[in-house]
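Written out below as C-alpha cells is the structure these notes cover.
The values are calculated or read from the model by the stated rules, or taken from the named source; none is laboratory data. Model, not experiment: these values are computed from the prediction. Positions of Cβ are generated from backbone atoms using ideal geometry, with glycine treated the same way; all protein chains shown enter the neighbour counts.
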Amino acid sequence: MKDHKIHNLSPQDKKIVKVFSELGMPRNLAKTLMYISQVEECRSAEIEHGANLRQPEVSVAMQLLQDKGWIRRKDLKKKGKGRPVHLYSLTSSIDDIVKNFEKDKIKQIDSIKKDLSELKILIDRR
C-alpha cells in the first residue's frame, strides 16, 4: 500500500465549505467532499485529520456521498487480522458534482415558488 499524504483544507476550500453549508449541505459533508476532491484517493482517517472531523462525522458523510453516487469505495486487502481498509475517490469531477447540486437546488426553488403561489391563491379565496 502506498503512503498517503494528509492534505489540509485551504482557506479557499473553507470558503467553499461555508457556501455549500449556506446552501443547505451539511458542513461535515461539504468538508469531506472538499477533502476528497483534492486527492486521487484517500482513507477515512486521512479525511478526519485533513478536514478536522471526527470519525463518526466522516462515516456519516461517506455514506451520504456513496448514496448520492459521488464517491466509490475500493477495499484494500490487508495481511492478518484487523479492520478492513477502504480507499475512497470521487466518481466524477467536483465541477460535475456542483452542477448536480445546483440542479437539485433549482428544483427545490421551483417547488417552493409553486407552493407559495398556491398559498397566495388559497389565501385570496378565503
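Numbers for the structure displayed
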item: Residue pairs meeting the criteria (Cβ under 8 Å; at least 6 apart or on separate chains; first closer than 13 Å to Arg43 by Cβ, in segment 72-84; second basic (Lys, Arg)); result: Pro84/Lys78
item: Filter pass, Gln66 being of a type outside the set (Phe, Trp, Tyr) and outside the structural domain of Leu23 (by TED's automatic domain parsing); result: no
item: Cross-chain or 6+ apart pairs with Cβ under 8 Å, segment 108-124 first and over 19 Å from Leu23 (Cβ atoms) and assigned by TED's automatic domain parsing to the domain that holds Gly24, then at pLDDT 95 or above and exposed (fewer than 10 other Cβ atoms within 10 Å of the Cβ); result: none
item: Of all residues making up segment 37-70, the number that are touching a strand residue (DSSP E or B) at 6+ places or on another chain (Cβ under 9 Å), of a type in the set (A, V, I, L, M) and within 19 Å of Glu102 (Cβ to Cβ); result: 1
item: Filter result (acidic (Asp, Glu) and loosely packed, with under 13 Cβ neighbours inside 10 Å) within segment 42-81; result: Asp67, Asp75
item: The lone exception for Val39 - which of (1) surrounded by fewer than 16 Cβ atoms within 10 Å (Cβ to Cβ); (2) part of a loop (DSSP other than H, G, I, E, B) it fails; result: (1)
item: Of all residues making up segment 24-43, the number that are over 13 Å from the mean Cα position of the chain (by Cα) and either farther than 14 Å from Ile94 by Cβ or free of Cβ contacts under 8 Å to residues at least 24 places away in the same chain (or both); result: 3
item: Residue list for segment 2-23, filter: under 22 Å from Asp104 (Cβ atoms) and over 10 Å from the mean Cα position of the chain (by Cα); result: Asp13, Lys15, Ile16, Lys18, Val19, Ser21, Glu22, Leu23
item: Answer from Lys31, Lys79 - the residue that is within 24 Å of Ile6 (Cβ to Cβ), of a type in the set (D, E, K, R) and assigned to a loop (DSSP other than H, G, I, E, B); result: Lys79
item: Verdict on Ser89 being of a type in the set (S, T, N, Q), surrounded by 10 or more Cβ atoms within 10 Å (Cβ to Cβ) and in contact with a strand residue (DSSP E or B) (Cβ under 8 Å, 6 or more places away or on another chain); result: yes
